[in-house]
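Note sheet for the following structure.
The values are calculated or read from the model by the stated rules, or taken from the named source; none is laboratory data. Every value quoted in this text rests on a predicted model; they were computed, and no experiment measured them. Heads up, the Cβs are rebuilt from the backbone with ideal geometry, glycines too, and the neighbour counts pull from every protein chain shown.
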């Protein structure tokens, strides 16, 4: 009987540990984080597309783009600032969540 009780106790401990691993392995998004991602996605896409267009137009026809390159780069910088800030905020939230999960161990 003692062996059966030991096995039941070990099984219960294993179940508890399995639940802890499941909790650590999952990432949940709050409503604010989800909305931040949804609102930031078009900005990131515009940033990437504008960067590709700048490089493509500059390399394909530099003489036509050169006089306007300063204005184009200002537009790129205007989009780069909020994009970088948004990505930094999201990265910080995920890093803080990882730290909290690490502290729970």
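Considering only region 33-54, how many residues are closer than 19 Å to residue 68 by Cα and surrounded by 13 or more Cβ atoms within 10 Å (Cβ to Cβ)?
Within region 33-54, residues that are closer than 19 Å to residue 68 by Cα and surrounded by 13 or more Cβ atoms within 10 Å (Cβ to Cβ) number 4.
Those residues that are over 14 Å from the mean Cα position of the chain (by Cα) and at pLDDT 75 or above, I need them from region 24-42; list them, please.
Start the filter on region 24-42 by keeping residues that are over 14 Å from the mean Cα position of the chain (by Cα), which leaves 24-26, 31, 42.
Answer for region 24-42, where residues must be over 14 Å from the mean Cα position of the chain (by Cα) and at pLDDT 75 or above: 31, 42.
Residue by residue, here is whether (1) touching a helix residue (DSSP H, G or I) at 6+ places or on another chain (Cβ under 6 Å); (2) not in a helix (DSSP H, G or I) holds:
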| position | (1), (2) |
| --- | --- |
| 3 | no, no |
| 6 | no, no |
| 9 | no, no |
| 28 | no, yes |
| 40 | yes, no |
| 45 | no, no |
| 68 | no, no |
| 78 | no, no |
| 91 | no, no |
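Being surrounded by 10 or more Cβ atoms within 10 Å (Cβ to Cβ) and part of a helix (DSSP H, G or I) is the filter here; which residues of region 55-64 pass it? Lay out the reasoning, then the answer.
Quick first cut of region 55-64, residues surrounded by 10 or more Cβ atoms within 10 Å (Cβ to Cβ) only: 55-58, 61-62, 64.
Within region 55-64, 55, 56, 57, 58, 62, 64 qualify.
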